[in-house]
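Worksheet: the structure to be examined is printed underneath.
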């Protein structure tokens, strides 16, 4: 009898506890519901204003943006060929044009510009167009065209008819590198996108056989400084990247006094200098006792000249 009364008293307590436990479980289940993400479209169907230039468009899927070069109906040369010199940008989820830029003309040249989608990287976020002696870059996040960039070189370049023709762009770290026919490689520092600045090589050398001008750059990438020798191979820019260093350069880079083929550089805190061969596009190991620059130059005279 007493046991029955005791169970009747405890029953409401057990029922309330079970109810609370069920509520806690439901609440916990509700808060752990996974958030669904919307996948980016794999295609788009946007019409480019004017006459698009074949092969000169680039779709940046992660930003849902389309970049294109196109010609307008009344922009033709004396041979009635279209002049592709408008740089257009669209958002592809709604096909809305968000940027339209008329680029300078180059006389009767029908295709003076090359669109370079490979310049886009997450650290710089630019898509660039290369013309004759000039570069234009559009910043995808800021949604604006950056100031025009005009290539500059260490020494005067030839003024032949085809000099300056665009040969392509590439990016390493925050440095944009490009090549022009008859002139070699140029570079710009994009660390401040509002004001890109020329990024000069530390040395350059003109190969007497190929007449190609090679340059030695020191480019910082992920807190490491890399020696890079630029070259033109089959009309395209090519970079020979060597082992990097955690420290910056110390002082200026010295060219050898005869042909400029070799360059001597020093790293902060290191006694032994670094020697680079711009013809062979590599670093040369030198004897450990060569510390002074004059000794390295004498070594070059005895070994290579």
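The values are calculated or read from the model by the stated rules, or taken from the named source; none is laboratory data. Since this is a predicted model, take the numbers as computed values, not measurements. Glycine also receives a Cβ, built like all others from the backbone with ideal geometry; neighbour counts cover every protein chain displayed.
The residues on offer are 267, 254, and the sole one that is in contact with a helix residue (DSSP H, G or I) (Cβ under 7 Å, 6 or more places away or on another chain), over 30 Å from residue 129 (Cα atoms) and touching a residue at least 12 places away in the same chain (Cβ under 8 Å) is 254.
Could you name every one of the strands (runs of 3 or more DSSP E) located completely within the stretch 194-275 that has at least 2 residues being surrounded by 19 or more Cβ atoms within 10 Å (Cβ to Cβ) and over 18 Å from the mean Cα position of the chain (by Cα)? Don't jump to the end; show me each part of the working.
Values: elements: 203-206, 213-221, 224-233, 236-241, 262-265.
The strands (runs of 3 or more DSSP E) meeting that bar are 203-206, 213-221, 262-265.
Looking only at the stretch 145-169, which residues are within 16 Å of the chain's Cα centre (by Cα), outside any loop (DSSP other than H, G, I, E, B) and surrounded by 19 or more Cβ atoms within 10 Å (Cβ to Cβ)? Within the stretch 145-169, 149, 167, 169 meet the criteria. Look at (1) assigned to a loop (DSSP other than H, G, I, E, B); (2) buried (at least 19 other Cβ atoms within 10 Å of the Cβ); (3) at pLDDT 95 or above and you find that residue 141 fails only one, number (2). Look at the stretch 279-305: where a residue is touching a residue at least 12 places away in the same chain (Cβ under 8 Å) and a partner is part of a helix (DSSP H, G or I) and surrounded by 13 or more Cβ atoms within 10 Å (Cβ to Cβ), sitting 6+ places away or on another chain with Cβ atoms under 6 Å, you get 290/296; 290/299.
Give me the residue from the stretch 73-90 that is at pLDDT 85 or above and in contact with a strand residue (DSSP E or B) (Cβ under 6 Å, 6 or more places away or on another chain) and, out of that set, farthest from residue 121 (Cα to Cα). Write out each step before concluding.
To start, the set of residues in the stretch 73-90 that are at pLDDT 85 or above comprises 84-90.
Next, only the ones that are in contact with a strand residue (DSSP E or B) (Cβ under 6 Å, 6 or more places away or on another chain) stay: 84, 86-90.
Details: 84: 26, 86: 23, 87: 20, 88: 20, 89: 17, 90: 19 Å.
Applying the filter and picking the extreme gives 84.
Reported count of residues in the stretch 181-192, each being touching a residue at least 24 places away in the same chain (Cβ under 8 Å) and under 17 Å from the mean Cα position of the chain (by Cα), is 5.
The residue pairs whose first member lies in the stretch 56-67 and is part of a helix (DSSP H, G or I), whose second member is modelled with pLDDT of 95 or more, and whose beta carbons are closer than 8 Å, counting only pairs six or more residues apart or on different chains, are 63/140; 63/141.
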